[in-house]
Structure formats: structure tokens, C-alpha cells
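S.K.: Here's a structure for you.
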Amino acid sequence: MTNINFTVLLVEDSKHDQRFVRRAWEKNNITNPLDVVTNGQECLAYLHQEGKYVNKPRPGIVLMDIRMPVMDGIEALQAIRADQDLKHMPVIMLTTSQEDADLIKSYDLGCNSFVQKPVDFDGLAEAVRAIHAFWTLSKLPPT
């Protein structure tokens with residue numbers, strides 16, 4: 001059974017990277033909705049459907065940057081895994097970080113994957129395609 005209609009939440013503070021991911025989405029003809037928030041605190045509000053996110057659907061997966069203002073991706077991942085309602089949410093760290101400490105901490109906290117953001121568009125488009133293909137074929141937890 002494939003998942004085709006899940007929303008993807010991109011947690012990314014860089015407008016440039018947001019545009020790059022959206023362009024990669026379009027290049028790969030991905031039809032899943034892609035919603036964007038700019039930090040971990042907004043991510044948690046979105047996932048809890050609070051405030052301006054009250055009518056947003058629970059996403060099927062979260063693509064999470066690490067380096068962000070207000071609340072970084074590591075802190076957000078930790079909060080997601082500590083929350084009974086969210087702990088099974090698939091979280092993919094999509095980041096420019098090359099630090100082993102970030103990689104290890106992310107996996108220690110239960111991320112589902114850690115993908116280094118390619119610096120060129122074609123590389124990013126391929127990474128987005130591969131992530132989408134994998135999670136489309138995977139059985140997602142109920143939302």
C-alpha cells in the first residue's frame with residue numbers, strides 16, 4: 001500500500017532553501033502538499049494544530065533543518081519524541097550541518113533519517129525525490 005496524499009511539513013528558516021525545496025518539489029512533479037514553518041516552535045504549534053495552524057492537517061512527515069532561530073531542529077525533535085501524540089511522527093533531518101555531533105544527537109533522539117542538504121539544485125532535487133519516493137512506499141503511522 002502506498003501513501004500518496006500525505007502533507008509534508010518543511011521546517012526551514014532560510015527563504016533561499018525554502019525556495020530550493022519548492023523548486024525541487026515542482027521539478028519532481030510531487031503533488032503532496034508542502035507546508036513551511038520557519039523554526040521548531042512553529043513546527044510544534046503546527047503539529048499540535050494551535051493558533052494559525054488550527055485547521056492544518058497533521059503531516060505525514062517532517063523535513064527538519066537543524067540551525068534555526070527561536071527553537072532549533074534538535075530541540076524540536078526532542079519535543080516531538082517526548083510527546084505521546086507525536087512521538088511516532090517521521091522526522092527527517094534535512095540540513096547543511098556536517099557535524100558528527102548533530103548526526104549522532106539526531107539519531108539518539110530518534111530521527112528517522114539524516115540527509116545532508118546538497119549545495120547544488122540538482123543534488124537537492126535528487127535528495128527530495130529519493131526522500132519522497134521512500135516515504136510514499138513506506139507505511140506511515142496514523143495521523
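The values are calculated or read from the model by the stated rules, or taken from the named source; none is laboratory data. Here the structure is a predicted model, which means the values were calculated and not measured. All Cβ positions, even for glycine, are placed from backbone atoms using ideal geometry, and neighbour counts span all protein chains on display.
S.K.: So, in region 96-111, of the ones that are surrounded by 13 or more Cβ atoms within 10 Å (Cβ to Cβ) and of a type in the set (G, A, S), which residue ends up nearest to G123 (Cα to Cα)?
M.R.: Among residues in region 96-111 that are surrounded by 13 or more Cβ atoms within 10 Å (Cβ to Cβ) and of a type in the set (G, A, S), the one nearest to G123 (Cα to Cα) is S97.
S.K.: Another question about this same structure. Taking F134, is it among the aromatic types (F, W, Y) and surrounded by 15 or more Cβ atoms within 10 Å (Cβ to Cβ)?
M.R.: No: the conditions fail for F134.
S.K.: More than 14 Å from the chain's Cα centre (by Cα), in contact (Cβ under 8 Å) with a residue 12 or more places away in the chain and surrounded by fewer than 17 Cβ atoms within 10 Å (Cβ to Cβ): does that describe V115?
M.R.: no
Residue-wise test of (1) at pLDDT 95 or above; (2) of a type outside the set (V, I, T).
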| site | (1), (2) |
| --- | --- |
| I30 | no, no |
| G40 | yes, yes |
| Y46 | yes, yes |
| R58 | no, yes |
| R67 | no, yes |
| V70 | no, no |
| T96 | no, no |
| E99 | no, yes |
